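Trainee: Have a look at this one.
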Amino acid sequence: MAAGDAFSREQRLRLNEAVRTAEMQTGMRFSVYVGAVPGDPQGFAEQELAGLRHLGPEVVLVVVGPAERLVQVTTSPGARTRLSDQACALTVLSMTTSFGLGDLVGGIVVGLRMLADATTPLRSEHNEQDSHAHEGPAGSVPGLA
Amino acid sequence: MALLAIPFLAASPAYADGPPNVNIDGVHKPLGTVNIILIFVLIPLALTAILMLIFLRPSTAPGAQRYRPGRGWDAKPAWFGIESRTELNRPALPPSPEGPLVGDVLEPGAVANPDPGRAGSDRRAPSPTGVGGARGSW
């Protein structure tokens with residue numbers, strides 16, 4: 001494969017859209033790296049995650065090494081409280097299945113979606129939903145009071 | 001179903017006197033050299049060429065390089081979302097005993113290690129930074 005851009009314009013749009021959707025759904029920041037992974041993947045991912053620290057406390061980095069045939073999902077300490085390691089492992093399993101079939105873009109998109117779905121909603125949203133649930137019946141039918 | 005049967009029923013009288021390649025006397029007509037070449041050589045070759053053009057032509061999408069498991073990957077590293085800042089000042093990595101990695105297009109030079117004391121096999125130890133996640137390969 002000759003050196004050059006890995007993805008077409010449509011694929012880039014699709015991947016950027018997937019990242020944006022995951023960020024809007026969870027409120028966390030997502031970043032995806034596709035390329036060479038020199039050395040230890042975990043060390044590499046943590047190093048890159050440190051470079052994303054300016055984004056906030058909740059950052060998720062997805063590192064995909066097509067040449068090394070590995071994928072590493074790394075969550076910052078803040079993001080780890082909302083996205084469990086088990087959910088990451090399940091996502092990685094799904095992603096590797098797609099990658100094994102040659103579907104790099106599809107695997108990443110599905111992985112981001114799974115990560116976003118597995119992320120616990122923000123506590124404020126919980127409280128808001130709970131408060132709505134408590135005041136629901138009386139508030140929705142005021143005439144009954 | 002009845003409509004589908006109409007062409008066959010309509011065509012059947014044409015075979016009343018025998019198949020097309022058979023004379024009334026029952027003697028087979030020779031196809032002829034030109035017809036033989038056309039039917040058994042040129043038409044199959046043309047079909048093969050069309051199928052090869054359809055399935056073996058290079059991708060027309062600009063910049064697209066299809067990933068095939070097991071093959072090399074030397075495309076440029078790509079970021080989606082926000083790019084890590086360490087990418088700009090990556091520190092030099094120790095040379096791998098297996099030689100350069102396929103697809104390693106990162107510039108040699110080197111980089112800000114967030115934890116200078118952590119190197120080599122220490123990186124494989126569980127992260128003391130509290131980060132989580134998972135890893136897999138295919």
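Trainee: If you add up the charges near A:Gly107, with Lys and Arg at +1 and Asp and Glu at -1, over every other residue whose beta carbon is less than 13 angstrom from its beta carbon, what do you get? Each step should come with its number before you reach the end.
Mentor: Numbers: positive: A:Arg14, A:Arg69, A:Arg113; negative: A:Asp103.
Net charge in that neighbourhood comes out at +2.
Trainee: Further question: Once you average over the residues of A:71-77, how many Cβ atoms of partner chains fall within 10 Å of each Cβ? Walk me through the intermediate numbers first.
Mentor: Numbers: counts 5, 5, 5, 6, 5, 5, 5.
Per residue, the average neighbour count from other chains is 5.
Trainee: So, counting K/R as plus one and D/E as minus one, what does the shell of residues with Cβ under 12 Å around A:Thr91 add up to? Walk me through the intermediate numbers first.
Mentor: Details: positive: A:Arg113, B:Arg135; negative: A:Asp85, A:Asp117.
Computed value for this residue: 0.
Trainee: Now, a different point. Under a Cβ-Cβ cut-off of 10 Å, what is the net charge of the residues other than B:Ala78 that fall near it, where Lys and Arg count +1 and Asp and Glu count -1?
Mentor: On the way: positive: A:Arg12, B:Lys76; negative: A:Asp5, B:Glu83.
Result for the neighbourhood of B:Ala78: 0.
Trainee: Something else about it: When you look at the Cβ of every residue in A:96-106, what mean number of other chain Cβ atoms sits within 10 Å? Before the final figure, lay out each step's value.
Mentor: Numbers: counts 4, 2, 1, 5, 4, 3, 6, 3, 6, 2, 0.
Rounded to a whole number, the mean comes out at 3.
Each reported figure results from applying straightforward, stated rules to the coordinates on display, with no laboratory input. In this text, all values refer to a predicted model and were calculated from it rather than measured experimentally. Cβ sites come from the backbone with ideal geometry, for glycine too, and all protein chains shown count toward neighbours.
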